[in-house]
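Accompanying notes for the structure given below.
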Amino acid sequence: MNDGYELQRTEAKGEGVFSTRSFRVGETVMVGVIDRELDQNHSHASQIGAKRFVLHGGLVPKVNHSCEPNCGIRLNASGAHDLIARRLITADQEITFDYAMRNYSVSHFAAHCRCGSPRCRDRITGWQGLPAERKADYHGFVAPYLIEIDRRARAAPATRRVPLAGGPAATPTGIASRAAELQ
């Protein structure tokens, strides 16, 4: 059975998933299936809730990141991530998505992104690290729990910082540096 994609070697990124046929905008490119639940986030983990991470089965974990992806995320009935075409994908194109579309924070990749996109932001970040205009650009193609986490973070009361006399705010770092100054 031809699902419309296959695993291939890439010059810069090792393996990647490439289309074997065209996909229209809005068409499901890959159907996600959850293989197992994980204890923590890692490079192939997909976040499926505020504190839940899973490993997808099949070739979904082999799909590379791009800062200008041709696919986005849509949750399916099982809670797994389907990859949906954000723009026309032709045969022999690499299938990509922005890892920020699925994970709120990302801290386990190399120092520099290797996607090669003109819109590359130089680092693979999570949703939390995306600028507002990029979040808006991804509207409809991100996991909904990311938007909810953002909403909760904005609604949470800001930690009140009280400045020390003539010094930094009363944060653990500020208190320690002010204490060192006084010694």
key: Relative contact order (%) - segment 49-167, alpha-carbon pairs under 8 angstrom, separation at least six   = 27 percent
note = Ordered by number, the trypsin sites (Lys or Arg not before Pro) in segment 1-70 that occupy a DSSP loop and have at most 16 other Cβ atoms within 10 Å are Lys13, Arg21, Arg24, Lys51
query = Charges only on Cβ, +1 for Lys and Arg, -1 for Asp and Glu: so what's the dipole of segment 1-94 about the Cα centre, in debye to the nearest 20?
reply = 240 debye
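Every number here is computed from the coordinates shown, using simple stated rules; none is lab data. These numbers were taken from a predicted model, which means no experiment stands behind them. Methodologically, a virtual Cβ is constructed for each residue, glycine included, from the backbone with ideal geometry; neighbour enumeration extends over all protein chains shown.
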